[in-house]
Every structure is written in C-alpha cells, then in structure tokens.
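Undergrad: Dropping the structure in here first, questions after.
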Amino acid sequence: MENKDKALWSGRFAGSPAEVMQLFSQSIDYDWHLYKEDLQGSRAHAEMLHHIGILDQREVDNILEALDEIEEEVENGVFRPKVSLEDVHMNLEARLIEKLGALGAKIHTGRSRNDQVATDYRLYMKKTIKDLHEKMLTFLNVLLKRAKADIDIIIPGFTHLQHAQPISLGHYWMAYFWKFTRDIKRFQNAYTNTDVNPLGVGALAGSTLPLDREFTRKKLGFASNSENSLDTVSDRDYLLEFLFSASTFCLHTSGLSEDLIIWSTSEFDFLELPDAFCTGSSMMPNKKNPDALELTRGKTSGVLSSLYDLMMNIKGLPLTYNRDLQEDKRPVFHTIYTMNMILDVLIPLIETLEIKEENISKHLNKGFLLATDVAEYLVLKGVPFRQTHEIVGNLVQYCNQHNKTFNDLTLEEWHMYSLNFKEDIYEILSPKKSVDRRSTFGGTARSEVLRQISNGVELILELKLD
Ligand code: ARG
C-alpha cells in the first residue's frame, strides 16, 4: 500500500493515520466505479465557479482540459488510484492538483465530498437505472413473444402445486409480464427520486459563496435541485427504492425460475431447457442440471440482503452525513451486477426453451382439472353452488375409487349424483373448451390473453424512460 501521500484533510492533524486505519477507511476499491461521474461533476462545478467569477476563463479552460486528460489517463490505465488517498474524490482531486498546482487546489471551492459523493452516485444511478430499464423492456418483449407463440398450449394451472384448472401457457407468461411491468414502474419511480441535484449544498449547511446550483443542475441534466442541504447529504432513500425495486424483480425471477425448474424435471417433463444454460455433473454422466435457474433463485437472497443491509445502515443515523454512509455502495453495486447477470441469462433462456406440448397434454387428464367446470355446469342448471361443489366432490371420489376420469362416466353414472346432468355434459369436458370458456376479464380464455398481449404491446411503448 502506498501511504506516503498526504491526505487532503491533513492540515488539522499532527500525526498521520495508522496503516490499518487507511485500509479500514478507504473506499477506493469500490467507489472507483464512480470516476466518470466524479469528473463530470467536477467539470460542472468548475464551469459554475467561472460563471460566478471565482475562476477566470484561462483557469476554467485549464481545469477542463486537465479533467479530460485525467479521464484519458484512467481509461488507458496510466493513472491508477491509491489507497492512501482514500476514495475516488480525493484521488481525482489530488491528480488535478498534481497537474495544475495551485489552480487544481481551487476545484474544491464551495464543495464537500458529502455533496460530491451524492452527485456522483445520483448520476451513476440514473445511468444504471436507464440501462437496466432497457434490458427489462427486452425481457418483457421476450415474454410477450412467448405468450403469443404459446397461447394455444394448454397446461394444468396449479394452486398449492396441485392440479387446479387448465390454463393457456400464454396466460402463464403474461402473468409474469404483468409482474415485471410493475417492477419497471417501481424502477421508474426510483429514477424520478434519483433525478435531483445535490451539488452546491456543501458539507451540510450550504455555502457563504454565491454558488449557482441552477447552473450545475442544468449542466448535469438533473430535473430539480434538492430543497434542503441537511436532507441532501444524508438522503439515501433513492437507493433504498432502487434496492426494493430490484428485490421485487428478483423475487419474481426466483418464482419464475422455480416453476421452470419443476417443469424441467422428468416427473413433469413440460419443457427442455437450452443446453447453453444447464450444466452436467462431475460424477453422474446422465445429469443435465438447471443451474442458471437455480442460481437465479439463489442470487436473489444476496439482492434482498442488500436492501436490508442499507436499511440497517441508515436506521438511527443522526443528521447529517456520517461515515457509515460510505458503506452504501457495496450492496447497490452487488445488486446492479446481479440483476444484469440474471437478465442476461433469463432473456435467452426463456427465448429458446422448448415446450413439450405432447407430454403436457398427458397431464391434462390427471387431477380432475375440469371439476370446477362441472360444478359451474350444474350452477347454470339452477343448482346452488355449495350443492354442486359437494356433488362434484363425490363424483371425484367415485372416479378415484373406480379408476375413471369424467370422460369415462356414462350418463347413468352422472345421474347417480344428479339428475340435472344431461347429454351436453360431455360437450364441456375438454381442456381447450374449459380454457376458452373462462373469458371473464383477466381470465385465461384465448380472447382474454390476446387482449392482454395487445395491451402489453402498447404499455411497453409507454414505459420508455427518457
Ligand atoms: N468516501 C465517502 C463516502 O463515500 C465520501 C467522503 C465523505 N467523508 C467525510 N469524511 N465527510 O461516503
């Protein structure tokens, strides 16, 4: 570790920090991610200092030129940050001072690392949310494509993981489409609350210098200026909103993964997962394991923990900035990385998985999926629902005892339970009919799935983030 560099705050100290303190205190190994935004913030700040007469034209030009050079140095690996300079802000500032001497030392006029880090982070999160948003729209499009392609495939719908009623597979994909749509809206909301300019509030109380916050707001492209300096340097709500949005997204991907894992087992055998997203066993040559989906499920815990990590960090902090807040980065960066990976895996996996329609249809005869249809048939003949429920329950018992399905029963057998059964009972005993008769708004009927798909296509256009 290089520890010879004097900290930019060293003036008040007679001694230098212990080596272990430098290690404990540094954030450079993770906040270096913010170098671009830090330079962007410094450019806006320098131009504002010129605008209010603190830097002259030559000075601001030199600073801007040096900041561009530093960016190049970082990008081509010439300039590497030092642990002894603690964080991204002091590393870049120290480099500017190294290049420009006394002029470089003017950049921090009216600025604190407290408003600087808030600015960098908000700029970074705006870009991150936009990128994730784009990827999530691609994911939504894949779900729409699958819903269209699989609309006529009928699968058993489950409650309690037991056969319940037949549904269209298109309807299933659309269920996740709507869940992810709500996630996207939550990210949009997080974006709106991120889009606020912190720069110019100083360490906590504002500045005695005539800083023009509106000038930097425009330069940095924020929608508004933060209203209260104390709130600004302590606010991490926008990160909590991001982490909560990521958490619901991951809960959804985890549930979806679980279904697909179950459906890929030889017991279900509803689908074949693409080889590209499975792995084998080091011992058992027969194995094809759904690891991508298991990892999606598994990595969700890390994302949920990130939300709790940051909430716990913030709980009970006195106003305003406290060094605890430096720990706000690891959980968020971890979540960004994980979400990107999950999307990169799930998008092609869902696009290319193969549905085994014939195998699925074998399952449709099991579990008396049409029991509710039969009960509702009797309702339409005037029998009170509770009675129809009992009658059909008894019929299921009878069938189980005699190893029969509804389709095997003769009219005489139906009549043993109710004389309201007529010849037309056989007309409703098809999974396809059952699905198409469920045409209530939001139901699984083909017509309703088509309505959802067309609403979904329109919604995706509205969900664009500008
Ligand atoms: N590296 C710090 C952070 O990420 C910013 C510095 C503020 N430090 C301070 N002592 N006021 O929060």
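The values are calculated or read from the model by the stated rules, or taken from the named source; none is laboratory data. Predicted, not measured: the structure shown is a model, and the values here were computed from it. Here Cβ is always computed from backbone atoms with ideal geometry, including for glycine, and neighbour counts include all displayed protein chains. Side chains are part of the model used for accessible areas, which takes the heavy atoms of the whole protein and leaves out ligands, DNA and RNA. Shrake-Rupley method; radii C 1.70, N 1.55, O 1.52, S 1.80 Å.
Undergrad: Please determine, by comparing only the residues of segment 361-391 that are among the hydrophobic types (A, V, I, L, M, F, W, C), touching a helix residue (DSSP H, G or I) at 6+ places or on another chain (Cβ under 8 Å) and part of a helix (DSSP H, G or I), which one is nearest to residue 277 (Cα to Cα).
TA: At the first step, the residues of segment 361-391 found to be among the hydrophobic types (A, V, I, L, M, F, W, C) are 364, 368-371, 374-375, 378-380, 383, 385, 391.
Still in the list and also touching a helix residue (DSSP H, G or I) at 6+ places or on another chain (Cβ under 8 Å): 364, 368-371, 374-375, 378-379, 383, 385, 391.
Add one more test, that the residue is part of a helix (DSSP H, G or I), and what stays is 371, 374-375, 378-379, 385, 391.
Numbers: 371: 38, 374: 42, 375: 43, 378: 48, 379: 48, 385: 47, 391: 47 Å.
Within segment 361-391, the match that is nearest to residue 277 (Cα to Cα) is 371.
Undergrad: What are the residues in segment 19-35 that are open to solvent by 10 Å² or more (accessible area, probe 1.4 Å), within 16 Å of the ligand (Cβ to nearest atom) and not hydroxyl-bearing (Ser, Thr, Tyr), if any?
TA: Going residue by residue through segment 19-35, those that are open to solvent by 10 Å² or more (accessible area, probe 1.4 Å) are 19-26, 28-30, 32-33, 35.
Then drop every residue that is not within 16 Å of the ligand (Cβ to nearest atom), which leaves 21-26, 28-30, 32-33, 35.
Scanning segment 19-35 gives 21, 22, 23, 24, 26, 28, 29, 32, 33.
Undergrad: Ok, one more. Does residue 43 satisfy the condition of being part of a loop (DSSP other than H, G, I, E, B), open to solvent by 30 Å² or more (accessible area, probe 1.4 Å) and more than 13 Å from the ligand (Cβ to nearest atom)?
TA: So residue 43 fails the test.
Undergrad: Taking the condition in contact with a Leu (Cβ under 9 Å, 6 or more places away or on another chain), charged (D, E, K, R) and within 16 Å of the ligand (Cβ to nearest atom), does residue 38 pass?
TA: Details: in contact with a Leu (Cβ under 9 Å, 6 or more places away or on another chain): yes; charged (D, E, K, R): yes; within 16 Å of the ligand (Cβ to nearest atom): yes.
So residue 38 passes the test.
Undergrad: What are the pairs with Cβ atoms under 8 angstrom where one residue, in segment 323-335, is in contact (Cβ under 8 Å) with a residue 60 or more places away in the chain and the other, located anywhere, is more than 12 Å from the ligand (Cβ to nearest atom) and polar (S, T, N, Q)? Sequence gap at least six, or different chains.
TA: 331/305; 331/306; 332/306; 335/306
Undergrad: Also, quick follow-up: Identify all residues within segment 91-107 that are open to solvent by 10 Å² or more (accessible area, probe 1.4 Å) and within 12 Å of the ligand (Cβ to nearest atom); write none if there are none.
TA: The initial filter retains those residues of segment 91-107 that are open to solvent by 10 Å² or more (accessible area, probe 1.4 Å), namely 93-95, 97-103, 105-106.
The one that is open to solvent by 10 Å² or more (accessible area, probe 1.4 Å) and within 12 Å of the ligand (Cβ to nearest atom): 93.
Undergrad: A further question follows. So which of 400, 407 is more than 22 Å from residue 148 (Cβ to Cβ) and either out of contact with any Phe, Trp or Tyr (no Cβ under 8 Å at 6 or more places or on another chain) or open to solvent by less than 10 Å² (accessible area, probe 1.4 Å) (or both)?
TA: Working: 407 fails: either out of contact with any Phe, Trp or Tyr (no Cβ under 8 Å at 6 or more places or on another chain) or open to solvent by less than 10 Å² (accessible area, probe 1.4 Å) (or both).
Only one candidate passes the filter, namely 400.
Undergrad: Here's something else I'd like to know. Name the residues in segment 329-354 that are touching a helix residue (DSSP H, G or I) at 6+ places or on another chain (Cβ under 8 Å) and outside any helix (DSSP H, G or I), would you?
TA: 353
Undergrad: Among the listed residues 344, 324, which satisfies the condition of being surrounded by fewer than 19 Cβ atoms within 10 Å (Cβ to Cβ), closer than 30 Å to residue 256 by Cβ and either at pLDDT 95 or above or within 16 Å of the ligand (Cβ to nearest atom) (or both)?
TA: On the way: 324 fails: closer than 30 Å to residue 256 by Cβ.
Only one candidate passes the filter, namely 344.
Undergrad: Here's a follow-up. With respect to residue 285, is the statement that it is more than 16 Å from the ligand (Cβ to nearest atom) and either acidic (Asp, Glu) or more than 26 Å from residue 29 (Cβ to Cβ) (or both) true? Let's see the steps before the verdict.
TA: Values: more than 16 Å from the ligand (Cβ to nearest atom): yes; either acidic (Asp, Glu) or more than 26 Å from residue 29 (Cβ to Cβ) (or both): yes.
The answer is yes for residue 285.
Here's the yes/no breakdown for (1) open to solvent by 40 Å² or more (accessible area, probe 1.4 Å); (2) of a type in the set (D, E, K, R):
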{"residue": "134", "(1), (2)": "yes, yes"}
{"residue": "137", "(1), (2)": "no, no"}
{"residue": "141", "(1), (2)": "yes, no"}
{"residue": "145", "(1), (2)": "yes, yes"}
{"residue": "155", "(1), (2)": "no, no"}
{"residue": "172", "(1), (2)": "no, no"}
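Undergrad: Shifting gears a bit: Determine if segment 294-301 includes at least one residue that is in a helix (DSSP H, G or I), within 16 Å of the ligand (Cβ to nearest atom) and out of contact with any strand residue (DSSP E or B) (no Cβ under 9 Å at 6 or more places or on another chain). So that I can check it myself, show each step before the final result.
TA: Of all residues in segment 294-301, those in a helix (DSSP H, G or I) come to 294-301.
The next check asks that each one be within 16 Å of the ligand (Cβ to nearest atom); those that pass are none.
No, segment 294-301 contains no residue that is in a helix (DSSP H, G or I), within 16 Å of the ligand (Cβ to nearest atom) and out of contact with any strand residue (DSSP E or B) (no Cβ under 9 Å at 6 or more places or on another chain).
Undergrad: Can you confirm whether segment 125-138 contains a residue that is in a helix (DSSP H, G or I) and within 16 Å of the ligand (Cβ to nearest atom)?
TA: Restricting attention to segment 125-138, the residues satisfying the condition of being in a helix (DSSP H, G or I) are 125-138.
Subset that is within 16 Å of the ligand (Cβ to nearest atom): 125.
Checking segment 125-138: at least one residue is in a helix (DSSP H, G or I) and within 16 Å of the ligand (Cβ to nearest atom).
Undergrad: Do we have residue 391 as more than 43 Å from the chain's Cα centre (by Cα), at pLDDT 95 or above and among the β-branched types (Val, Ile, Thr) here? First the steps, then the outcome.
TA: Working: more than 43 Å from the chain's Cα centre (by Cα): yes; at pLDDT 95 or above: yes; among the β-branched types (Val, Ile, Thr): yes.
Judged against the criteria, residue 391 is a match.
Undergrad: Of everything in segment 302-321 that's over 30 Å from residue 206 (Cβ atoms), of a type in the set (A, V, I, L, M, F, W, C) and crowded, with 20+ Cβ neighbours inside 10 Å, which residue is farthest from the ligand (Cβ to nearest atom)?
TA: 303
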